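Have a look at the structure below, then the notes.
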Amino acid sequence: MCGISCPPLESSTIPDVGSSKPRCASADLQALRWYAAYTRSRHEKCVSRQLEGKFFEHFLPTYESLHRWNDRNAVVSLPLFPNYLFVRIRLADRMQVLTVSGVVALVGVHGHPSPIPDEEIETLRTCFARRIKMEPHPYLAVGRRVRVIRGPFAEAEGILLRRKGRFRLLLSINLIARSVAVEVDANDVAPA
C-alpha cells in the first residue's frame, strides 16, 4: 500500500463499467491488452504502487517540472497524463483493477473498456526508457480551430491541417472567401 490515504469513492459515483456485459468474444477476454485506468485526482502514483503490489503490468509515464514556491524551487515528477495510467490486463480481470483504491473506471465506450493499441503504449515506453524529454500538450486534432501562441503569427486563429506529415494553419479571410495555408510547429499552437 502507499503512504497516501486513498479512500474508495462512494459506489454511486463509480461508473458501472465492471458489471456491464462485454460485447466481445471469449478470446478477447483472455488476451492481454492495454487499457487506460481513470483515477481520482492526484492518485496516479498511489494506484501505480497498489497495482505493482498486485503484480499487474502497468505504466505511469511521468515528466519532471520545476515548481517554484516562495521559499524554494523543486523539481517534481508529475504524471504525463493527469488522472490516467495504463494497465495491461485480460478484460476478464478488470474487476481486480477496478477495486484498487483510487481507480474510478477503465476508459471505454458505453460502459465497455476499450483497449489501446500496443504500438501507442510502446512508443510512449520507448521515449520514456530513452529519457526523451516529454511534457503535456493540448490534444490537437486536424480540422480543429487553433490559436498560434508564439512566433510571427502569434494570436492568429485558424484551422489546423496536416499535409505531408507537417502541420499547417489555415488562415481565412471570410469577407473575400479566401484562405491561405501557413506551416506551423505543433508546439506553437493551442486549442482556440
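The values are calculated or read from the model by the stated rules, or taken from the named source; none is laboratory data. Given the structure is predicted, the values throughout are model-derived calculations rather than measurements. Methodologically, a virtual Cβ is constructed for each residue, glycine included, from the backbone with ideal geometry; neighbour enumeration extends over all protein chains shown.
Which residues, counting only those in the stretch 80-112, are more than 18 Å from GLU44 (Cβ to Cβ) and part of a strand (DSSP E or B)?
Of everything in the stretch 80-112, those that are more than 18 Å from GLU44 (Cβ to Cβ) and part of a strand (DSSP E or B) turn out to be ARG90, GLY108, VAL109, HIS112.
Which condition number does ARG147 fail, the rest of (1) in contact with a helix residue (DSSP H, G or I) (Cβ under 8 Å, 6 or more places away or on another chain); (2) assigned to a strand (DSSP E or B) being met?
Against the list (1) in contact with a helix residue (DSSP H, G or I) (Cβ under 8 Å, 6 or more places away or on another chain); (2) assigned to a strand (DSSP E or B), ARG147 comes up short only on (1).
Please verify whether LEU106 is under 15 Å from TYR38 (Cβ atoms), hydrophobic (A, V, I, L, M, F, W, C) and touching a Phe, Trp or Tyr at 6+ places or on another chain (Cβ under 6 Å), treating the condition exactly as stated. First the steps, then the outcome.
On the way: under 15 Å from TYR38 (Cβ atoms): yes; hydrophobic (A, V, I, L, M, F, W, C): yes; touching a Phe, Trp or Tyr at 6+ places or on another chain (Cβ under 6 Å): yes.
Criteria met by LEU106.
Looking at ARG88, ARG94, which is the one that is more than 17 Å from CYS127 (Cβ to Cβ) and either exposed (fewer than 12 other Cβ atoms within 10 Å of the Cβ) or out of contact with any Phe, Trp or Tyr (no Cβ under 7 Å at 6 or more places or on another chain) (or both)? Step through it out loud before you land on a result.
Working: ARG88 fails: either exposed (fewer than 12 other Cβ atoms within 10 Å of the Cβ) or out of contact with any Phe, Trp or Tyr (no Cβ under 7 Å at 6 or more places or on another chain) (or both).
Only one candidate qualifies: ARG94.
Condition check ((1) of a type outside the set (Asp, Glu); (2) in a loop (DSSP other than H, G, I, E, B); (3) modelled with pLDDT under 80; (4) not assigned by TED's automatic domain parsing to the domain that holds LEU78) across all residues:
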residue	(1), (2), (3), (4)
GLU135	no, yes, yes, yes
GLU155	no, yes, no, yes
GLY158	yes, no, no, yes
LEU171	yes, no, yes, yes
VAL180	yes, no, yes, yes
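Any residue that is in contact with a Leu (Cβ under 7 Å, 6 or more places away or on another chain) and outside any loop (DSSP other than H, G, I, E, B) - is there at least one of those in the stretch 113-124?
Keep residues of the stretch 113-124 that are in contact with a Leu (Cβ under 7 Å, 6 or more places away or on another chain), which gives 113.
Filter once more, so that each one left must be outside any loop (DSSP other than H, G, I, E, B): 113.
The answer is yes; a qualifying residue exists.
Looking at PRO79 and the list (1) in contact with a His (Cβ under 6 Å, 6 or more places away or on another chain); (2) crowded, with 16+ Cβ neighbours inside 10 Å; (3) without any contact (Cβ under 8 Å) to a residue 40 or more places away in the chain, which single condition is not satisfied?
Only one criterion in (1) in contact with a His (Cβ under 6 Å, 6 or more places away or on another chain); (2) crowded, with 16+ Cβ neighbours inside 10 Å; (3) without any contact (Cβ under 8 Å) to a residue 40 or more places away in the chain is unmet by PRO79, namely (1).
Go through VAL100, VAL104 for me and flag whichever is buried (at least 16 other Cβ atoms within 10 Å of the Cβ), in the same structural domain as SER77 (by TED's automatic domain parsing) and more than 19 Å from the chain's Cα centre (by Cα). Show your work before the answer.
On the way: VAL104 fails: more than 19 Å from the chain's Cα centre (by Cα).
Step by step, each of VAL100, VAL104 is checked, and only VAL100 is buried (at least 16 other Cβ atoms within 10 Å of the Cβ), in the same structural domain as SER77 (by TED's automatic domain parsing) and more than 19 Å from the chain's Cα centre (by Cα).
Condition first: surrounded by fewer than 10 Cβ atoms within 10 Å (Cβ to Cβ) and under 25 Å from the mean Cα position of the chain (by Cα). Now tell me which residues in the stretch 144-166 satisfy that.
Listed by number, the list holds a single entry, GLY165.
Of ALA192, ALA141, which residue is over 29 Å from ARG90 (Cα atoms), surrounded by 12 or more Cβ atoms within 10 Å (Cβ to Cβ) and hydrophobic (A, V, I, L, M, F, W, C)? Before you say what the answer is, go through the steps one by one.
Details: ALA141 fails: surrounded by 12 or more Cβ atoms within 10 Å (Cβ to Cβ).
On inspection, the qualifying residue turns out to be ALA192.
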